[in-house]
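Enquirer: Sending over a structure as structure tokens; questions will come in a sec.
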Amino acid sequence: MAELGFRPFDADNHYYEAEDAFTRHVDRRMQQRAVEWVERNGRKRILVAGNLDRFIPNPTFDPVTRPGVLEDYFRGVNPSGKTQAELFAGNLEPIRPEYRDRDARLRCMDDQGLDKVMLFPTLGCGLEDPMRADAQATHAMLHGFNQWLDEDWGFDYQGRIFSVPMLSLMDVDRAVKQLEWVLARGARMVYLRPGPVPKEHGSASPGLPENDPFWARIDEAGVPVAFHAADSGQARALREWEPFGPMESFRGGSTFNVASQNGRAIMDTMAALICHGVFDRFPNVRVCSIENGSFWVPWLFKNLAKAFGQMPKSFREDPRETFKRHVWVAPFFENDVADLLELVGADRVLFGSDWPHAEGLAEPMNYLTELEGFSPKEVRQVMLENIEALTTPGVAP
């Protein structure tokens with residue numbers, strides 16, 4: 001953009017998966033344990049682990065909501081009290097080519113004034129939790145998905161589109177094997193779901209030593225790990241409080257859900273990585289929080305300060321300093337970005353528009369309005385330099 005002197009790098013963009021994204025490369029015998037397409041009441045739906053999936057109401061994404069239609073809602077502005085479904089009404093449109101075609105996406109990026117984007121899943125963010133009881137099927141599904149992702153989008157397409165492959169720590173050996181596979185094909189970043197990892201013995205922190213083979217390879221490769229917002233088990237947790245209509249509640253119909261679950265999974269995940277010593281054992285590991293907002297960061301910092309004050313010998317240093325050295329955060333447009341900069345510094349903040357999702361920005365460049373009053377250097381860091389350094393091999397952020 002002329003007024004900036006550079007074109008930004010959006011750290012949080014999305015595609016809408018092709019209908020065969022989770023089946024094209026997955027053995028048909030395994031699909032019965034993973035993702036299957038079915039017809040229900042004249043509509044195409046998916047079964048995940050044999051159960052009807054409700055994470056995405058229309059997994060064909062055609063029609064799909066226009067970008068940014070929930071912007072005011074997520075700013076907390078909804079005086080008429082409309083539900084999300086009511087806000088969607090009249091805002092559905094046929095799927096656009098740029099949501100599924102990388103060359104069309106490049107042309108769209110040019111029109112938007114963007115140089116580069118990190119691309120994350122949409123439907124894929126809701127699949128690991130309902131498959132939590134079946135590690136073999138989960139890893140088979142993710143490998144097939146990553147094959148589709150490499151085929152349709154590429155992990156590094158023309159140095160401008162960087163698709164982020166999905167991994168899971170359910171089986172650490174398979175996670176390392178899949179990590180090697182995506183690194184060999186040019187992946188610049190990898191995805192893990194926030195929250196405890198489903199294991200044979202229940203669930204466990206991603207920061208425990210049993211996962212060290214994975215973190216050791218991440219440390220050696222220097223590739224960052226993105227903890228992108230996902231179904232991290234909130235729906236299951238919510239059922240303990242609200243046994244009525246759990247999925248409807250999870251999708252925004254519950255005031256309790258909004259008041260209690262937002263930020264919980266990512267905050268606990270970052271606390272686990274710090275308190276369980278991942279960054280002590282592997283000092284080159286870098287992680288980022290994508291599409292989780294930043295309102296949880298001050299809360300976590302207060303808790304870390306208290307833990308450090310009570311148990312200083314349990315940490316090698318003030319854990320807030322550990323966070324600031326190893327963690328990057330992409331705040332929501334509705335968050336107070338200035339407060340985040342005050343806590344972690346301008347070099348740890350990432351621009352992410354969540355385009356083309358309904359809860360994101362209608363135009364990615366509108367994010368600049370959240371940076372009014374920032375210095376030109378800070379704007380350049382947030383909008384370009386931080387994510388570029390984080391994902392460029394051999395560059396130390």
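What follows is calculated from the coordinates using simple rules that are stated; it is not laboratory data. Just so it is clear, the structure is predicted and the values come from calculations on it, not from any experiment. Quick reminder, even Gly has a Cβ in these numbers, built from the backbone with ideal geometry, and neighbours come from all protein chains shown.
Enquirer: Between residue 372 and residue 52, take the C-beta separation as r, use R0 = 56 Å, and let me know the FRET efficiency to the nearest 0.05.
Expert: The pair residue 372/residue 52 has a calculated efficiency of 0.80.
Enquirer: What relative contact order, as a whole-number percentage, does the chain give when Cα pairs under 8 Å and 6 or more residues apart are counted?
Expert: Values: 678 pairs, mean separation 79.6, N = 397.
Computed value for the chain: 20 percent relative contact order.
Enquirer: What distance in nm separates the two pseudo spin-label positions at residue 75 and residue 325, each 7 Å out from Cα along the beta-carbon direction?
Expert: 3.9 nm
Enquirer: Can I ask one more? By DSSP, what percent of the beta bridges with both residues in region 12-159 are antiparallel, rounded to the nearest 5?
Expert: Details: 10 of 12 bridges.
Bridges in region 12-159 are about 85 percent antiparallel.
Enquirer: Pop the C-beta distance of residue 83 and residue 313 into the FRET formula with R0 = 51 Å and round what comes out to the nearest 0.05. Mind dumping the intermediate values first?
Expert: Details: r = 50 Å, r/R0 = 0.99.
Computed FRET efficiency for residue 83 and residue 313: 0.50.
Enquirer: So what is the relative contact order of region 17-62, in percent, for Cα pairs below 8 Å that sit 6 or more residues apart?
Expert: Normalised by residue count, the contact order of region 17-62 is 30 percent.
Enquirer: For region 153-229, state which GluC sites (Glu not before Pro) are in a DSSP loop and have at most 12 other beta carbons lying within 10 Å of their beta carbon.
Expert: Counting only loop positions with at most 12 other Cβ atoms within 10 Å, the GluC sites (Glu not before Pro) in region 153-229 are 200.
Enquirer: Further question: If the viscosity is 0.692 mPa s and the temperature 37 °C, what translational diffusion coefficient in µm²/s does Stokes-Einstein give for the chain when Rh comes from Kirkwood over Cα pairs?
Expert: Details: Rh = 21.5 Å.
The estimated diffusion coefficient comes to 153 µm²/s.
Enquirer: So, one more: Treating the beta-carbon of each Lys and Arg as +1 and of each Asp and Glu as -1, no other charges, what is the dipole magnitude of region 38-100 about its Cα centre, to the nearest 20 debye?
Expert: Charge dipole, region 38-100, about its Cα centre: 180 debye, nearest 20.
Enquirer: Compute the FRET efficiency between residue 262 and residue 389 as 1/(1 + (r/R0)^6), taking r as their Cβ-Cβ distance and R0 = 35 Å, and round to the nearest 0.05.
Expert: Once the sixth-power term is evaluated, E becomes 0.75.
Enquirer: For region 84-118 and region 1-30, what is the centre-to-centre distance using only Cα atoms, to the nearest Å?
Expert: Distance between centres, Cα-based: 11 Å.
Enquirer: Then there's this: Starting with the highest mean, order 306-314, 49-57, 357-365 by the number of other Cβ atoms within 10 Å, averaged over the residues of each peptide. Before the final figure, lay out each step's value.
Expert: Numbers: 306-314: 10.7, 49-57: 15.9, 357-365: 20.4.
In descending order of packing, they fall as 357-365, 49-57, 306-314.
Enquirer: Then there's this: At 222 nm, what value in deg cm²/dmol follows for the chain if DSSP H runs of at least 4 each add -39500 (n - 2.57) and the sum is divided by all its residues, to the nearest 500?
Expert: Theoretical 222 nm ellipticity from helices: -9500 deg cm²/dmol.
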